[in-house]
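The block underneath contains the structure these notes are about, expressed in structure tokens.
The values are calculated or read from the model by the stated rules, or taken from the named source; none is laboratory data. Values in this document were obtained by computation on a predicted structure and should not be read as measured data. Heads up, the Cβs are rebuilt from the backbone with ideal geometry, glycines too, and the neighbour counts pull from every protein chain shown.
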Amino acid sequence: MKLIIFSSIFTLIMAQSTTSNPISVIGSECTAPYPFDIIVERKSGGNMVITDMNNNTLLKVKACNTTFHYERAIFNADGRIILRLRDKIISQHNRWKAYRGDNRSNKNMIFTTKQPNMIQFKTSLHVFLANKDVCDFKVKGSWSKRKCKIYTGDSASSTIAQMYKKDKSKKVKMDKNKFMVTIYPNVDYVFVVALIAIVDAMKTVDKDYAEKMVETNAQVIGATA
């Protein structure tokens, strides 16, 4: 019992020390001076609902794909759009851009993301704040196991958010469509959710592409049979 308590205290101290400088990519109103957990529920069609531990809705992610782009829009609890996420068409590294509000002009672009490698067996995403060429944040881990970390720079020790498949308070696995995310102190939770939404959308793009390839190959085989 003492070991569990000590481990929890140590985790809290580490969380507080690694995020002493506020990370407010979207806005300071999206941060808290203490760590807190959110629940991400994946809905059909790429939609998501994000709640706190008391089941209060914080954000909603809605898929709004177009003919040429995969897109996600993030809304607050009042239904106001905060961010629009869009993939870059014909991109070898699965690039995405995030825009403030519903305006997709370059001046409203907040950050971009890309996969560091064209072929990846584990989740890895590099994040660049607007007009920067140097990676500011990274997402690494296993999306299928819901074990990803978001951290600053090149050091995984500077974690700002972490995904869990289990409900830490109950020590049990959550519904297959739900997972928890711990937001560290002074970290922009909307920014964290945006990165999660992008990774989820990237997996959808990969799945759709694979299904189209199978369908195309089947048609070619059928035509030549």
What tally of residues in the range 43-59 results from selecting those that are touching a strand residue (DSSP E or B) at 6+ places or on another chain (Cβ under 7 Å) and either closer than 28 Å to Asn117 by Cβ or surrounded by fewer than 20 Cβ atoms within 10 Å (Cβ to Cβ) (or both)? 11
Those residues of the range 14-34 which are of a type in the set (A, V, I, L, M), part of a loop (DSSP other than H, G, I, E, B) and modelled with pLDDT under 95, in sequence order: none
Quick one: would you say Ser124 is part of a loop (DSSP other than H, G, I, E, B) and free of Cβ contacts under 8 Å to residues at least 24 places away in the same chain? no
Need pairs with beta-carbon distance below 7 Å; first residue touching a residue at least 60 places away in the same chain (Cβ under 8 Å) and among the charged types (D, E, K, R) and within the range 39-58, second surrounded by 14 or more Cβ atoms within 10 Å (Cβ to Cβ) and in a strand (DSSP E or B); sequence gap 6+ or separate chains. Glu41/Met48; Glu41/Val49; Glu41/Lys178; Arg42/Met48; Lys43/Val49
Since Ile89 meets every condition but one in (1) outside any loop (DSSP other than H, G, I, E, B); (2) over 22 Å from Asn21 (Cβ atoms), which condition does it not meet? (1)
Taking the range 62-85 only, how many residues are of a type in the set (Lys, Arg), buried (at least 18 other Cβ atoms within 10 Å of the Cβ) and farther than 18 Å from Glu41 by Cβ? 1
Counting only residues that are of a type in the set (Gly, Ala, Ser) and within 21 Å of Val139 (Cβ to Cβ), the range 48-99 contains a total of 4
The lone exception for Lys145 - which of (1) at pLDDT 95 or above; (2) within 17 Å of the chain's Cα centre (by Cα) it fails: (1)
Which ones in the range 67-87 are of a type outside the set (Phe, Trp, Tyr), under 20 Å from Ile110 (Cβ atoms) and either under 14 Å from the mean Cα position of the chain (by Cα) or modelled with pLDDT under 95 (or both)? His69, Glu71, Arg72, Ala73, Ile74, Leu83, Arg84, Leu85, Arg86, Asp87
